[in-house]
Structures are given as C-alpha cells and as structure tokens.
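Q: What follows is a single structure, and I will ask about it in a moment.
Any read-out appearing in this document is the output of simple, stated calculations on the displayed coordinates, not a laboratory observation. Values in this document were obtained by computation on a predicted structure and should not be read as measured data. As a convention, Cβ positions derive from the backbone with ideal geometry for all residues, glycine included, and neighbour counts pool all protein chains shown.
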Amino acid sequence: MGKERCAVIGIGQTKYASTRGDVSMAGLVREAAYRALEDAEMTWQDIDAVVLGKAPDFFEGVMMPELFLADALGCAGKPMLRVHTAGSVGGSTALVATTLVQAGIHDRVLLVGFEKQSESNAMWALSLPQPFSVSINAGAGGYFSPIIRQYMEVSQAPELIGCLVAFKDRQHALKNPYAHLHQKDLTFEQVVDSPMLWEPIRYSETCPSSDGACAMVLGNEATADAADKPVAWVQATAMRSEANNFPGRNDVSPLASRQCAQDLYRQAGIQNPRAEIDMLEMYVPFSWYEPMWLESLGFAEDGQGWRLVEDGSTQLDGGDLPVNCSGGVLSSNPIGASGTIRFAEAALQVRGLAEERQVDGVRRALGHAYGGGAQYFAMWIVGSEKP
Amino acid sequence: MSAKIPKPTALAKPVQLPERIANVEQVRSVRTPISLNYDFIPGQAAQAYLTAFGEKRILGQRSPVDGAVFVPPRGVDPRFGVATTEYVELPDKGHIGSFCVTQVPIPGRDDLELPYISAWIFLDGADIGFIGLVGECDTADCRIGMRVEAVWKDDDQIAQTAENIKWWRPTGEPDVAFDQAGGRGFAARQAARADGTGHASQPNSANPASQ
C-alpha cells in the first residue's frame, strides 16, 4: 500500500519581534497564513483542513486557542486539529499535517505554529511548583544548563564554542528579514563578555522571547505538480519521545533523538548524513545545543561536534554544512512556531527561495525540533526530488 | 536595517473604522491577572514519599524488572511501563550529577540569594536524580560528582513537603568520578547489583564513592 506524496507548496512567516503589539493572536496567525497562501497561489477556499500548534496553553493563559482562531484561519466548518508536544510542537505540527496528506485524507492542508510570548510568562510557566520537588529550577535555562555542563566535560570542547555558535547565528539573522534579533554591530567580544545567566550559559547564548507565527501549505502530488513555483518534497518524517528522567538516561544525546534521526535516514536512503544533506535547520535555543545535536543526529562522532563549529563548517559563508541560516532559535523564538520555522526554512532552501540566506544548490535539507526536557523530537527531510 | 517585508496583499489596505468609533482610543492589550487554587492529590507513591518525608525519611521505589531505584517514587518505571510497589528507604546523602549556577531570580522565590546552585542530587542507592539547592558551598567550588548531604529544617518546621531540606551541603568526602556520576553511573551500579557486591536493598553499600 503506497502513500500519497506530499510537498511544501507555500510558506508564510510574520516578522518576529519581542512584542507584536499591532496584532492580536488572531491577527498574528492570519498574517502568516495569508503569506503562505499567497506563496502557494491559493485562497482559503483551496484549503481542506488546518493544523495548529503552539506551546502549552498556560503560557498565554488562553485555553484551546485553536477554537477562537478557527475564524482567523478561514476554517470555520472545516476540520481543524491542534498539536501539543511542548517545544517540538512546531515540527510535530508539520508532521501531523504531512500525515493527513500522505494518508490521502486531505489534498491541501494549511499548518500554523505560533506564540505570543509578549502576552505570556514562559519563565513562570516553566517554573511551576510541585509538592514533591523544590521550586528552584529557573525556567528552560535552569533545566538545560546542567546538561550542557555535562557535554562540555564529556567533549572537553573549548570554552568558547557556545559563543561561536551564538555569534554565527546572529550573523545569519542579519540576512533574514523575518528574524527577531538584528544585531548588526554585535562583536564576538560582546558575546563572550555577556553576563552568565545560567552558568555555563551566557545571556548572549540564549534565545530571545518572541511573538510570531509561521505557516505552510502542504499539498499532495497532483497539487504540487500543478504549482508554478518550486516545491519541496517531503522525503522522510520521524517523531520520537522518551521520559525525561529514568535510570541511565543519556540526557546529552537522548536515545529518542538518535533513533528519530536514524529512522529519518533509513526512510530517505541516507548512509552518510554529513555528505548527503546540504543544510540543517536545528532547534538550538541555547548555543551549545548546536554541537550536541550535530553529534546526536550523526553529523559528527560523539564528543566531536564542536569541531564543526570551530572550523566554520556550520557557517552560511563558506561552510560545507550550514546550520541555521535563518539565524535559528537563537535569533527568533516564538516557541510554538520555532519548530515550524526550522521545517519551513529547510523547505525554503530546497525551493531556492531563501534569498540572501540561500545556500547554493540545496537538494536536501533537514528540519529539526525538540521539546520538553529534551525528550520530544520531530524531524523531516525535504528535497527537490520526489521521494 | 534589513529588507522590508511587504504586507500580504489581503492585509495591505488600512483598516477603516466605523465613524462612531473612529476617535476612540485603541486598546492594544489588557492585563487580567487570575489565580487558581487547587488541592493536590498525590497518588499512592507520592503520598507515601511525602508522608515519610514529614518524618525526615526519604522513600524510593524499586523497579520489579531490574531493581533500579526511583526517588521520588511515582509508582511506575517509565522504561518498561510497569508499576513499582516495593519501597526502599534511602540515606540523605548522595552526590551531584550536574548543576547550574543561576543568576536570574525566579517567580515565587524572592528568598533565594543570587547566584544560587541548583543541582541534580543522586542519593546513594538511587538511580535517578532530583533537583536540590546546594548551600554552604562557593559557586566556584561546586563540581559534578561532589558528595553532599541534606541540611534539614528544624524539627518544628518539618511538613509533608519537599521544602523540608533547606539545601545540600558538601560532605568533604572524595568525589564520585565523573564517568560514574549521575546517569553515567547506572551501568556500573547495575553490574554491582548483579554480582552481589552491592545489593540494591542496602543502598549505602552500593555507594559509588566508596570505591
């Protein structure tokens, strides 16, 4: 039993900013959706169903926002699905939408990931007290800092690798008009001199808090073949999860992450990801996660991922494996959209529409997202050729 | 600064407000703080843990599959999807699996002086860690593998809450080796259990720092 082919036909993003005070949540998602429809040369009438993802509802304190956003997304009377997988949700949302097309349930699906962090308090939401645990964990940085500390010790990587990643991603962001942070005068020294927040994580090595939405129109083969603009074919998809605390857990390179990547490569027929994948958009909210994920995803041996950072391999300018040409999560973090942006930017690269941040000749790109305590994973490979 | 992003065509036209509200001040945002109080029903394992904790005892649970010890116990071994019913009492000593030196205040904890150390505490005989505050230790002296012990609140302040332990302080004993600290030590602990050198029912004798 074969499955339908699925392709990315349209992509739309809002400008990411700390406060998009000019629009409501509804206005925010509609802006991204309109851009995706225009890119796909479609109208609301062409869409069969909508899939929506965002971080947990208590971030903004609006329960089940998909219900009141249905109107703004033109899907009154149409099927709508909400996806929940914490920080990886933007990626999972794209995968759920892909499934709807591949299963032949819908021909054209609009998917949207969003967050309006200006109307929320993520630090509070991620520090909720529980009776059997002391309330001293300071948000996501407090959680990931001990994991990064272990990686630094295991890999014996030079101390400033994280700063190199942060500086690189902020340079990339200058080429992306949608990116939140445009720090054109930023110097590497400023990144290094930035204060420690969650030692060993500096302020400069963390993601910003952003408002924004990212939308994609996915279509089946007939729809994609009829499109005027280039499309990005979904060649492989994988999702995995694991508990965030169990005996012997490798929290630096979780089993679920490694298995998710292996499943992806098996589907795409990839033997050597470093040679066969042209660029990556990975979920890197704290700079050290770039080398950590490069290892976990099989682009470097364990403990060696930092070398790709150090030798410039992951730079847009001259690197052979550019990572996060969009500026990454380190330059824009509307949480629920952050995974969607990774998946969408990978597709933009394959379509050759990434403008100033385009990598030459991308045939195959990987989009990646993770969430929770580095326990939920969503990944896809998109390419210029049909799978 | 960067390329202009055009508005989507459908949104490019300015919004025309009806005449009667054209001059009304625009509301861009409204803050409506809310609160929600609820009773916490912990379930069997967490209740047993909290009850014992109110007596300054620390309870864990043992996996029926391979003997791994969970603290705090949640009534389940998530690796195998099986219930855990056997309780194990653990000492209030252990080591630091890893830690964070936090420089940012967190909501509801104005009492914490910055910077403070939050650490994953692995009790002797336990196979998972939990978060604890480290005190009586300079931030520069804290290490992965450092041995620590609980500093309890005064007896008249003990309740059924994780806040019973004020913080964990260094014991001064030799560190647990990095490759045996935290989750990395699990395989070695399991091997010790298997060959009888450190049976899991006597957590203290399985102390990885004693080697």
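Q: GNM on chain A, C-alpha springs below 10 Å: top fluctuator among A:Leu67, A:Leu255, A:Leu37?
A: Most flexible of the set in this elastic network: A:Leu67.
Q: For peptide B:60-70, what's the mean number of Cβ atoms from other chains within 10 Å of each residue's Cβ? If you can, show how the numbers build up before the last one.
A: Numbers: counts 0, 0, 0, 2, 0, 0, 2, 1, 3, 1, 3.
Average neighbour count from other chains, rounded to a whole number: 1.
Q: Place the peptides B:113-120, A:156-163, B:79-86, A:232-239 in order of packing, highest mean first, counting for every residue the other Cβ atoms within 10 Å and averaging per peptide.
A: On the way: B:113-120: 19.0, A:156-163: 17.4, B:79-86: 13.9, A:232-239: 23.8.
Highest to lowest by the protection proxy: A:232-239, B:113-120, A:156-163, B:79-86.
Q: I'd like the distance separating the alpha-carbon centroids of region A:130-150 and region B:51-101, in whole Å.
A: If you average the Cα positions of each part, the centres end up 18 Å apart.
Q: With the cut-off at 1.5 for a/c, could you classify chain B from its C-alpha gyration tensor as rounded, prolate or oblate?
A: On the way: a/c = 2.22, a/b = 2.15, b/c = 1.03.
Here chain B falls in the prolate category.
Q: Still on this structure, please answer the following. Please work out the ratio of the alpha-carbon Rg of the protein assembly as shown to 2.2 N^0.38 Å and round it to two decimals. Write down the numbers at each step before the final one.
A: On the way: Rg = 25.0 Å, N = 598, 2.2 N^0.38 = 25.0 Å.
It is 1.00.
Q: Taking the highest mean first, how do the peptides A:143-154, A:368-379, A:312-323 order by number of other beta carbon atoms within 10 angstrom per residue?
A: Ranking the peptides A:143-154, A:368-379, A:312-323 by packing returns A:368-379, A:143-154, A:312-323.
Q: Calculate, in whole percent, how much of the Cα-Cα pair population of region A:273-387 lies beyond 24 Å. Please list the in-between numbers first.
A: Working: 1082 of 6555 pairs.
Pairs farther apart than 24 Å: 17 percent.
Q: In addition: Please list, in order along region A:101-118, the HN-Hα scalar couplings obtained from phi with the Karplus expression 6.51 cos²θ - 1.76 cosθ + 1.60 (θ = phi - 60°), rounded to whole Hz, x for Gly and Pro.
A: 6, 5, 7, x, 6, 9, 8, 9, 10, 9, 10, 9, x, 8, 7, 10, 5, 5
Q: Output the peptides A:98-105, B:142-149 sorted from most to least packed, where packing is the average of other Cβ atoms within 10 Å over each peptide's residues. Display every interim value, and only then the final one.
A: Numbers: A:98-105: 18.0, B:142-149: 20.8.
In descending order of packing, they fall as B:142-149, A:98-105.
Q: Another question, if that's okay. As a check on your grasp of the helix formula, calculate [θ] at 222 nm for chain A: sum -39500 (n - 2.57) over DSSP H runs of n ≥ 4, divide by the residue count, round to the nearest 500. Don't jump to the answer; show the numbers that get you there.
A: Values: 13 runs with 130 residues, N = 387.
The per-residue figure over chain A is -10000 deg cm²/dmol.
Q: Each residue of region A:69-85 in turn: what ³J(HN,Hα) in whole Hz from Karplus with 6.51, -1.76, 1.60 and θ = phi - 60°, glycine and Pro shown as x?
A: 8, 4, 4, 5, 9, x, 10, 4, x, 10, x, 9, 10, 10, 10, 10, 9
Q: Sum up the charges of everything whose Cβ sits under 12 Å from the Cβ of A:Leu174, counting Lys and Arg as +1 and Asp and Glu as -1, but leave A:Leu174 out. Each step should come with its number before you reach the end.
A: On the way: positive: A:Lys168, A:Arg170, A:Lys175, A:Lys184, A:Arg357; negative: A:Asp169, A:Asp185, A:Asp317, A:Glu356.
That sum, taken over residues with Cβ under 12 Å, equals +1.
Q: Neighbouring Cβ atoms within 10 Å as the yardstick, rank A:Asp57, B:Asp124 fewest first.
A: Working: A:Asp57 16, B:Asp124 21.
Least to most surrounded, the residues fall as A:Asp57, B:Asp124.
Q: Return the sequence-ordered ³J(HN,Hα) values of region B:148-155 in whole Hz as given by the Karplus equation 6.51 cos²θ - 1.76 cosθ + 1.60 applied to θ = phi - 60°, using x for Gly and Pro.
A: 9, 9, 6, 10, 7, 5, 4, 3
Q: I've got another one for you. On average, how many beta carbons from a partner chain sit within 10 Å of the beta carbon of a residue in A:118-125? Kindly include the intermediate steps, with their values, before the conclusion.
A: Values: counts 1, 3, 0, 1, 0, 4, 3, 1.
Mean partner-chain Cβ count within 10 Å for A:118-125: 2.
Q: Taking Cα atoms of region B:42-90, Rg/Rh with Kirkwood Rh, to two decimals? Could the numbers behind the result be given before it?
A: Numbers: Rg = 10.1 Å, Rh = 10.5 Å.
With Rh from the inverse mean 1/r over Cα pairs, Rg/Rh is 0.96.
Q: Follow-up. Take peptide B:178-184, look around each residue's Cβ out to 10 angstrom, count Cβ atoms belonging to other protein chains, and average those counts. Let's see the in-between values first.
A: Values: counts 3, 2, 0, 2, 5, 9, 6.
Counting other chains' Cβ atoms within 10 Å and averaging over B:178-184 gives 4.
Q: Of B:Lys13, B:Lys166, B:Lys56, which has the largest mean-square fluctuation in a 10 Å C-alpha GNM of chain B?
A: Maximum fluctuation in the GNM of chain B, among the listed residues, is at B:Lys13.
Q: In Å and from the alpha-carbon atoms only, list the Rg and Dmax of region A:199-275.
A: Both quantities, over Cα of region A:199-275: 18.5, 53 Å.
Q: While we're here: Sorting A:Asp39, B:Asp127 on the 10 Å Cβ count, fewest up front, what's the list?
A: Values: A:Asp39 23, B:Asp127 27.
If I rank by nearby Cβ atoms, fewest first, I get A:Asp39, B:Asp127.
Q: Same structure again: Just to verify a number: FRET efficiency for A:Gln271 and A:Asp22, C-beta to C-beta distance, R0 = 45 Å, to 0.05?
A: Values: r = 49 Å, r/R0 = 1.08.
With R0 = 45 Å, the Cβ-Cβ based efficiency is 0.40.
Q: Could you tell me the relative contact order of region B:91-196? Use alpha-carbon pairs under 8 Å, at least six residues apart, and round to a whole percent.
A: On the way: 190 pairs, mean separation 30.0, N = 106.
With pairs under 8 Å counted, the relative contact order is 28 percent.
Q: Using the Cα centre of region B:91-196 as origin and beta-carbon charges of +1 (Lys, Arg) and -1 (Asp, Glu), tell me which of B:Gly97, B:Ala187, B:Thr161 is placed farthest towards the positive end of the dipole.
A: Comparing the listed Cα positions along the dipole, B:Ala187 ranks first.
Q: Would you look at the GNM of chain A, springs on alpha carbons closer than 10 Å, and say which of A:Pro230, A:Pro247, A:Pro334 moves the most?
A: Checking each option, the largest mean-square fluctuation is seen for A:Pro247.
Q: How much length, in nm to one decimal, is gained on full extension between A:Asp57 and A:Glu356, taken as 0.36 nm per residue of separation minus their Cα-Cα distance?
A: Numbers: separation 299, 0.36 × 299 = 107.64 nm, distance 3.52 nm.
Stretched fully, the A:Asp57-A:Glu356 segment lengthens by 104.1 nm.
Q: In the structure shown, do any of A:Lys116/A:Lys175; A:Lys78/A:Lys229; A:Lys116/B:Lys153; A:Lys54/B:Lys93; A:Lys184/B:Lys13; A:Lys54/B:Lys7 have a Cα-Cα gap over 30 Å, and if so which? Walk me through the intermediate numbers first.
A: Numbers: A:Lys116/A:Lys175 24 Å; A:Lys78/A:Lys229 26 Å; A:Lys116/B:Lys153 41 Å; A:Lys54/B:Lys93 41 Å; A:Lys184/B:Lys13 32 Å; A:Lys54/B:Lys7 23 Å.
In this structure, A:Lys116/B:Lys153; A:Lys54/B:Lys93; A:Lys184/B:Lys13 lie more than 30 Å apart at Cα.
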